[in-house]
Amino acid sequence: MSKIVIDVDGVGVKFRMNDEKVDNLKEYIIRKITGRIGYKEFWALRNISFTVESGDRVAVLGMNGAGKSTLLKVIAGVLKATEGKITSQGRIAPLLELGAGFDPQYSGAENIYLYGAMLGYSRDFIRSKFNEIVEFSELGEFINSPVKNYSSGMKTRLGFSIATVVEPDILILDEVFAVGDAKFRKKSEKKIQSMFDRGITVLFVSHNIEQVKKICNKAIFLESGTLIASGPCEDICDIYEVKSNQ
Amino acid sequence: MKQIIKNFQKYRFLLSQLVVKEIKLKYRKSYLGILWTLIEPLLTMIVLYLVFSKLRKNNDRTFAVYILTGRLLYSYFSHATKSAMKSIRVNAQMIKKVYVPKYIYPLASVLSQFITFLISLVVLAAVSIVLRIKPTIHILEAIIPIIILFFMALGIGLVLATLAVFFRDMEYLWDVVLMIIMYCSAIFYYPSMVSDNSWILRMNPLYAVILNFRNAILEGVPLDSGALLYSIAFSAIALLAGIWLFYKNQDRFILYL
C-alpha cells in the first residue's frame, strides 16, 4: 500500500472581487467614510477533497476558469485556503512559467544559486549540482553573462535545468512541455520521463488530452470550483472530452 | 515558535543570497563599485558643509563630523525603510510562484542597507581622524544607538511593506514623510538654533538615535538616558506593530500583487 503524500480535505478558496479595484489611499478613505466599499465574494474552489498517493501522476482537468491554477497554488503553499486543510509530505517543486524568478541583471551562474535558494536548497547542495545544471542547460560560456542578454529559449533551458536537477518528491507541472528547440524538448521529455520512472509524484495541468493520457494514471476534473469527478485517467479524460464537445 | 526558527534556518541561505544580491547589483556597472558607499556620504557631507557653514558656531572644526554623523544615520534609515517598503512588490514574481516565508524579503532589504551603512562608517572614522577628533571610552557606546536604529528601520519597514502592497501611494507619501523627518533631525543645524520648536526634536525618535550616536562619537559624553529610553521604546513598539501587521496581512498579499 503506497502512502498518501498529498491530502486535500474540504478545501475552499474565497476571493473578494472589488467592484472597482481600490489601490490608492484617497479612494479607500473616501469609500470607507461614505461606506461604499462594495465587493462581491465568490468561491474559486469549494469543498475539494482528494488524496494523492506516492508515485501517482494526477492530471488536473477543467475548462478555463475552473480553478485549476488556484488549486495548484494552494497545494504549493503560495495561496492560503479560506477553509479546509491541506497536508503534504516531501519537497514540492513548482515548474510553472520557467525562468520567471530570474534576476535579469544577474549572470546565469548567480541565478542558479538564487533560484536554488528560493526552492529551499543549501549552498553546498547547489554547489554540488552546479556543473550538472550548466551541462544540462547547454549554455556553455554564456552561463557567466547576465540573464537579460539571454534569448527566451536560453532562459527556459536554464530554468528547466535548475528545477529538475533537484529531484523533488512532488512536481507541479503547469503546461511547460514546450521547452526550447526540438532537440532540447526531446531531452527534457526524457528527463521528466526518468523522474516518473523513479516514482516521483506529479500534479499536471494541461488541456492537451493526448499528453495527459501519456503521462498520468489518475485525474480529477474541476468545474467552476467544485470537484465533479476523480478516478483513473482514462475515465476522466472521456468525461472531459464529452463535456468539452457540448 | 520552534517551527518559525526551523523555517528560518532552512531559508537562511536564501536570506544571505538576497542580501548579497542587493549589495552587488547596486554598484554593478559603476567603475568605482562599492567605493561609492564611501564617496557618496563624503560628497554629501562636503556639500552640506559648504551650504550650511554659516550655521556653524565660531571656530568649530567638528561641524563636518556633526553633519556626517547625522547624515549617515538618516540615510540608512531612509534607504532601509524605502527598500523594505518596495521589497514585496519587487519580488512579486517569486511570491506568486514559490513558497518562501515572506518576511525574508523586507528583512533582506533592511540587512543589506545595514551592511552598506556599516561600510560607510569607514568615512566617519577617516574624517574624524583628519579633523583630530579625540576618541574617548564612550565611543564603544555608539553600538547601542546603531542597534536601536536597525530595529527601528526594520519595524517601520515591515509596516510600510504591508501598507504598500495595498496602497501604491505609500511610496510617494513616504518620500514626503522622509523629507519632513530629515528637516526635523538636526542633521545640518544645532538644536540650540531652534529652541522655540525643540519639542519637535524631542518627539523625533530618529533624532534621539542621532543625539546618542553623536554623544558617543563626537562629544565623548555618556548616552542621554531620556533619548535612549525613548528610542528603545519607539523601536520596540514599531517592531511589534510591524510584525503584527505583516503577519496579519501576509496571506492576502498575493491577491493584490
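Charges on Cβ only, +1 for Lys and Arg, -1 for Asp and Glu, centred on the Cα centroid of the stretch B:82-150; of B:138, B:104, B:94, which one is farthest towards the dipole's positive end?
B:94
Using a simple charge model, +1 on the beta-carbon of Lys and Arg, -1 on the beta-carbon of Asp and Glu, nothing else, what dipole does chain A show about its Cα centre, in debye to the nearest 20?
Charge dipole, chain A, about its Cα centre: 520 debye, nearest 20.
Classify the stretch B:1-59 from the C-alpha gyration tensor, please: rounded if a/c falls under 1.5, else prolate or oblate depending on whether a/b exceeds b/c.
oblate
Could you list B:79, A:207 so that the one with the fewest beta carbons within 10 Å of its beta carbon is first and the one with the most is last?
The most exposed by this proxy come first: A:207, B:79.
Excluding residue B:135 itself, what net charge comes from residues whose Cβ is under 14 Å from its Cβ, given Lys and Arg +1 and Asp and Glu -1?
Values: positive: B:132, B:134, B:214; negative: B:141, B:219.
That sum, taken over residues with Cβ under 14 Å, equals +1.
Taking the number of other C-beta atoms within 10 Å as the exposure measure, put B:62, A:51 in order starting with the fewest.
Taking fewest neighbouring Cβ atoms as first place, the list is A:51, B:62.
How about the stretch A:154-214: which trypsin sites (Lys or Arg not before Pro) there are in a DSSP loop, with at most 13 other Cβ atoms within 10 Å of their Cβ?
Working: sites: A:155, A:157, A:183, A:185, A:186, A:187, A:190, A:191, A:198, A:213, A:214; in loops: A:198.
Counting only loop positions with at most 13 other Cβ atoms within 10 Å, the trypsin sites (Lys or Arg not before Pro) in the stretch A:154-214 are A:198.
Please list the radius of gyration and Dmax for the stretch B:2-256, considering alpha-carbon atoms only, with Å as the unit.
According to the Cα coordinates of the stretch B:2-256, Rg and Dmax are 19.1, 61 Å.
Only counting other Cβ atoms within 10 Å, I'd like A:54, B:120, B:192, A:49 sorted with the fewest neighbours first.
Fewest-to-most ranking of A:54, B:120, B:192, A:49: B:192, A:49, A:54, B:120.
Stokes-Einstein at 25 °C, 0.890 mPa s, Kirkwood radius from Cα pairs: D for the protein assembly as shown in µm² s⁻¹? Mind dumping the intermediate values first?
Numbers: Rh = 26.0 Å.
Estimated via Stokes-Einstein, D reaches 94 µm²/s.
Would you work out the charge dipole size for the stretch A:98-168 about its Cα centre, treating the Cβ of every Lys and Arg as +1 and the Cβ of every Asp and Glu as -1, and quote it to the nearest 20 debye?
160
Can you tell which of A:125, A:101, A:150 lies farthest toward the positive end of the dipole of the stretch A:98-168, using +1 and -1 charges on the Cβ of basic and acidic side chains (Lys, Arg; Asp, Glu)?
A:101
Two decimals, Cα atoms only, Kirkwood Rh: what is Rg/Rh over chain A?
1.03
Report the local net charge at residue B:216: Lys and Arg +1, Asp and Glu -1, summed over other residues whose C-beta lies under 12 Å from its C-beta.
Numbers: positive: B:214; negative: B:141, B:219, B:224.
After counting each charged neighbour, the total is -2.
Which residue, chosen from A:60, A:225, A:244, occupies the Cα position most advanced towards the positive end of the dipole of chain A, where the dipole is computed from +1 (Lys, Arg) and -1 (Asp, Glu) charges on Cβ about the Cα centre?
The residue sitting farthest along the positive end of the dipole is A:225.
What's the magnitude of the charge dipole for chain B around its Cα centre, counting Lys and Arg as +1 and Asp and Glu as -1 at the beta-carbon? Answer in Debye, nearest 20. Before the final figure, lay out the partial values.
Values: 27 positive and 11 negative charges, 196 e Å.
Charge dipole, chain B, about its Cα centre: 940 debye, nearest 20.
Each reported figure results from applying straightforward, stated rules to the coordinates on display, with no laboratory input. Values in this document were obtained by computation on a predicted structure and should not be read as measured data. Reconstructed Cβ throughout: ideal geometry from the backbone, glycine too, with neighbour counts over all protein chains shown.
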